[in-house]
């Protein structure tokens, strides 16, 4: 027999989640949110997952939302549990990932009287959410009508804004009253707003006046439609399209290795390669060098195309185009006549030179983090969901091609804190193989990402272990201090062998090139368990190898 919560506010929540197609719920254990856990787990059509650590749970939910491209609900108990969601909330906010945060709370008059597990939860995510709502206690007059309206508004905000929305839920005791039958709730009149876009004539005119058009694509999901639209603009060399590995767009006439091409740009190069029209698509750009280049270049016009964010990243933004890029380019292509420009040829000559130097360096370099990423790009199968952790991992990934794979990385805030949990959450809602490539510090930081009984056996994790935050030996500054080894790079001697065993993963290790190639030949094949491969490069001066690479590109 079913056991539903007798709390009307919780019954309304479950009903409205289903009405709006929100089917995945991540539950962290506790007593104050027990009515939600009990009710949701008994509700047909809701897929409930138990993740103990709220910080990890937040990123697991984020990964699930990225995987299915629809909102995920998370619920936790009161007090510091809610605060542990915050890292994932900030990432979701800046990446436009829809999370519905359902935090259980003590009744509102229990705040600040030293009652257990009680903090100021109302509005806790206010700086990084698209809505902060508080339900009315069931015992209050007109609570059902008010809560119906509040929940409906919160869910629609989450869907429309594609970002985090918070509902704080004060719950009075008793918490464990049950009922076997649910009431019938009224039908929902959905009021979701549909966005349309009309191209202003001046933009087509500005395009025709621009002889040096540069389109920069940042972090975004794969879009076949957008890829085809941009391909039309480059086929006769009318524009230059710069992409990053997590732009998820591919064409032989796009320029996908930005740092490879512009790493040693001089002040003269900034002027030589400067666009007069810059069009940016997507969100955070990994390359610091391209930001430096475009800030120095100061193009006359900068258009940013996005439904949510219009950041003035390069300090020259003059057109905020609130549209899906596909809708914008669909209209633009109807109103312009793409014409060949010398600007494309300028970049093409640079590409040929740098790509040749890259190939030469790959032939001469030995086992290292750099060589690992080169080998991985050759060995990884097509059509996997490939996640890179932040810091060194995504930056190495920028230098190589990863075939027809979907690339993911938490670039909203660019933190290392939830990379594993995000990838595991993503894998939980995927039929395709999910592969996480992570640095050692990021992996050990997020160990609880593996405290998860739902990880599919076709999940793969590759850790490149260089015994610390090796990136701090590459970027300028940290190596001039006495604090580098202990407090910045954080040198360690850990490996993942016993962690893999503890969490039910099979484990293998490679500390030379031949072993790495041999293991990778079978690593992605089906198995009864998920797998961890640890690539040990602790004996290598990896920063020196990477510095030598960029010096080789210069020479």
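The values are calculated or read from the model by the stated rules, or taken from the named source; none is laboratory data. Just so you know, these numbers come straight off a predicted model, no measurement behind them. Cβ placement follows ideal geometry from the backbone for every residue including glycine, while neighbour counts extend to all protein chains displayed.
Residues of the stretch 135-157 being part of a loop (DSSP other than H, G, I, E, B) and exposed (fewer than 13 other Cβ atoms within 10 Å of the Cβ), which ones? Within the stretch 135-157, 139, 141, 142 meet the criteria.
Residues checked against (1) out of contact with any helix residue (DSSP H, G or I) (no Cβ under 9 Å at 6 or more places or on another chain); (2) surrounded by fewer than 18 Cβ atoms within 10 Å (Cβ to Cβ); (3) modelled with pLDDT of 95 or more; (4) part of a strand (DSSP E or B):
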residue: 485; (1), (2), (3), (4): yes, yes, no, no
residue: 491; (1), (2), (3), (4): no, yes, no, no
residue: 500; (1), (2), (3), (4): no, no, yes, no
residue: 534; (1), (2), (3), (4): no, no, yes, yes
residue: 540; (1), (2), (3), (4): no, no, no, no
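Looking across the stretch 236-252 at every residue that is in contact (Cβ under 8 Å) with a residue 24 or more places away in the chain and surrounded by fewer than 20 Cβ atoms within 10 Å (Cβ to Cβ), the one that is farthest from residue 411 (Cα to Cα) is identified as 236.
In the set (1) in contact with a strand residue (DSSP E or B) (Cβ under 8 Å, 6 or more places away or on another chain); (2) within 24 Å of residue 163 (Cβ to Cβ), residue 307 fails one condition alone, (1). Of all the numbered requirements in (1) buried (at least 18 other Cβ atoms within 10 Å of the Cβ); (2) not in a loop (DSSP other than H, G, I, E, B), residue 296 misses one, and that requirement is (1).
So that you can scan it fast, the table gives a plain yes or no per residue for (1) touching a strand residue (DSSP E or B) at 6+ places or on another chain (Cβ under 6 Å); (2) without any contact (Cβ under 8 Å) to a residue 12 or more places away in the chain; (3) not in a helix (DSSP H, G or I):
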position	(1), (2), (3)
11	no, no, no
30	no, no, yes
38	yes, no, no
44	no, yes, yes
49	yes, no, yes
52	no, no, yes
66	no, no, no
75	yes, no, yes
102	yes, no, yes
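Out of all the residues in the stretch 273-288, is one or more modelled with pLDDT under 95 and not in a loop (DSSP other than H, G, I, E, B)? Among the residues of the stretch 273-288, at least one is modelled with pLDDT under 95 and not in a loop (DSSP other than H, G, I, E, B), which makes the answer yes.
Applying the selection to the stretch 158-202, what residues are closer than 27 Å to residue 6 by Cα and surrounded by 19 or more Cβ atoms within 10 Å (Cβ to Cβ)? Give the steps one after another, and end with the answer.
The first filter runs over the stretch 158-202 and keeps only residues closer than 27 Å to residue 6 by Cα, leaving 158, 165-190.
Correct list: 158, 165, 166, 167, 168, 169, 170, 171.
Screening residue 413 against (1) within 15 Å of the chain's Cα centre (by Cα); (2) assigned to a loop (DSSP other than H, G, I, E, B); (3) at pLDDT 95 or above leaves a single unmet condition, (3).
With respect to (1) closer than 13 Å to residue 333 by Cα; (2) in a loop (DSSP other than H, G, I, E, B), the lone exception for residue 220 is condition (1). Here residue 360 meets each of (1) in contact (Cβ under 8 Å) with a residue 60 or more places away in the chain; (2) part of a helix (DSSP H, G or I); (3) in the same structural domain as residue 503 (by TED's automatic domain parsing) with one exception, condition (3).
Restricting the stretch 13-28 to residues that are assigned to a loop (DSSP other than H, G, I, E, B) and in contact with a strand residue (DSSP E or B) (Cβ under 7 Å, 6 or more places away or on another chain), which is surrounded by the most Cβ atoms within 10 Å (Cβ to Cβ)?
Restricting attention to the stretch 13-28, the residues satisfying the condition of being assigned to a loop (DSSP other than H, G, I, E, B) are 20-23, 28.
Add one more test, that the residue is in contact with a strand residue (DSSP E or B) (Cβ under 7 Å, 6 or more places away or on another chain), and what stays is 22-23, 28.
Numbers: 22: 22, 23: 18, 28: 25.
That would be 28.
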